[in-house]
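Undergrad: Structure incoming, see below.
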Amino acid sequence: MSLILLCLLIAIYFDSILFKQRDPELFKMAFQFSIWKILLSLLLILSVLIFCENRWEDLPLLVLLLVLPVYLLRRGRFVKSMEWKGGQDISTLISSALGVIIVWFYGVIAFGLLTSAAMDLTAGAISEMGDLLLSVVFSSFLIVILVYRSSRHFSDQGFLTNVGLRKGNWPRVKVVLIPAVLGLSFALFSAYLSVTRKIQPQTPLSDVLETTQSFGLILAFLFLAICVAPLIEEIVFRGYFFHIIKQWLGIRGAVTIIALTFSFLHVGQYWGDWLAIAMVTALGFTLTILRAWSGTTVASVITHYVYNGSVTILPIIIMAISNPAYLEYKAYYSYHDAKTKEVLLRRSIAKQPDLPDAYNDLAWLYAGEEKNLDAALALIEKALSYAPDYPAYLDTKAEVLEKLGRYDEAKPIRDSLKEK
């Protein structure tokens, strides 16, 4: 949240500088604040905080949420006055883009606070995956609306043309075939590395997926990831913002900024998995270079669709070939009883002896069933031999030790996990 607030404040700072440079007198008229209004607003904010049990850590966020609407209203007044004067130059496009960023960030923060409050009031009726899906749908809808409105500054030829999606007389090899091959190649490489590595790092996204019990929510997540996200992300990054930055800084500047921003906004999902972060960074540069080379967003949309779809399906195919027992264990976990899970995990270990997750899962199963505890301890030690500091494996070891009554050995492990 602190990083989001910082980005929002930076956007507001540059936005105000552009407006002031464009028309100092109009800026002064539109953004003039009296000292008494500022003091009254701060007094109101402090009163709310005191009423809310002195939650001083929420002061920056509360100040922003209360003050920003005032800025946006005055910003709107300034923009209308400038449009009345006429003229669309690069500073107008940049300030329009900053407006999109500011409103989107504000909307996402406000919606996040509302859903968080709803989760508290409903005592967990909304799952973490449900909250994630609601946030994705809202933020996607909001950014598309904002981009649609703002892209009208580009031309009067319509939204599809303005974001580079209008069908043209492009060679199919350049716009369809090469992008599809690139997307499939990236997916094959990414899927192979992901499935064949011994340790699967824990990430915020994987934690949410692993704790989701609803098959419907998983399907909804896959639908958004495969069918919706590629189009929206390409419209926003390679369609709208690429057009503006290209006019401002040229092709190289646009490729660098768009690719790095695309990667940065995905880091939160994959934090802890450096392979995934490296792959999404490489994909971001590939998509943006492809957009610049082909002259159309259609090419990057095709690459993105092929990659997201393939990288979801290919690991399943690879796992089905290399270790079908473990795939069945993971896919039908909620439907199998303990005995079936044990059989599948033993088959998995026999098929792929260097898969530490299978050792960990079987040790956890024995701990939960409170049987074969000595074997469970040997199994988790085997898993830890591959990754001695992996939190999930350490948690399993602590669980097994507790079931064995060896609390003095389990306590230091629990304490170390709390510190991480």
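Each reported figure results from applying straightforward, stated rules to the coordinates on display, with no laboratory input. This structure is a prediction, so every number in the text was calculated from the model and none was measured. Neighbour counts are summed over all protein chains in view; Cβ atoms, including those assigned to glycine, are modelled from backbone coordinates with ideal geometry.
Undergrad: State which entries of K174/K198; K20/K246; K351/K418; K28/K246 exceed 28 angstrom in Cα-Cα distance in the structure shown.
TA: Beyond 28 Å: K174/K198; K351/K418; K28/K246.
Undergrad: Assign one of three labels to the stretch 68-219, namely rounded, prolate or oblate, based on the Cα gyration tensor with a ≥ b ≥ c the square roots of its eigenvalues; rounded applies when a/c is under 1.5, prolate when it is not and a/b is larger than b/c, and oblate otherwise.
TA: Here the stretch 68-219 falls in the oblate category.
Undergrad: Right, here's the next one. Identify the residues of the stretch 90-119 with backbone N under 16 Å of a label point that sits 7 angstrom from the Cα of L72 along the Cα-to-Cβ direction, or state none.
TA: Residues 96-115 fall inside that zone.
Undergrad: Could you compute the longest span of the chain free of GluC sites (Glu not before Pro) located in DSSP loops and having at most 11 other Cβ atoms within 10 Å, not counting the site residues?
TA: 54-369
Undergrad: On full extension of the chain, what length is gained from K371 through Q200, given 0.36 nm per residue of separation minus the C-alpha to C-alpha distance?
TA: Gain on extension, K371 to Q200, equals 58.9 nm.
Undergrad: Now, a different point. For the residue pair F141 and C227, what label-to-label distance in nm results when each label sits 7 Å from Cα along the Cα-to-beta-carbon direction?
TA: In this crude spin-label approximation the distance works out to 1.7 nm.
Undergrad: Within the stretch 160-222, list the trypsin sites (Lys or Arg not before Pro) lying in a DSSP loop whose Cβ has at most 16 other Cβ atoms in a 10 Å radius.
TA: R166, K167, R197, K198
Undergrad: Using R₀ = 22 Å, calculate the FRET efficiency as 1/(1 + (r/R₀)^6) where r is the Cβ-Cβ separation of Y13 and W248; round to 0.05.
TA: 0.80
Undergrad: Across the chain, what fraction of all alpha-carbon pairs, as a whole percent, falls in each successive 20 Å bin from zero upward?
TA: Using 20 Å bins, I get a P(r) of 21, 46, 28, 5, 0 for the chain.
Undergrad: Which length gain, in nm to one decimal place, applies between S185 and R152 when the Cα-Cα distance is subtracted from 0.36 nm times their residue separation?
TA: Stretched fully, the S185-R152 segment lengthens by 8.3 nm.
Undergrad: Which part of the stretch 192-213 falls in the paramagnetic zone of A282, meaning amide N under 11 Å from the point 7 Å along Cα-to-beta-carbon?
TA: Within reach of a label on A282, which here means backbone N under 11 Å from a point 7 Å along Cα→Cβ, the stretch 192-213 contributes 192-194.
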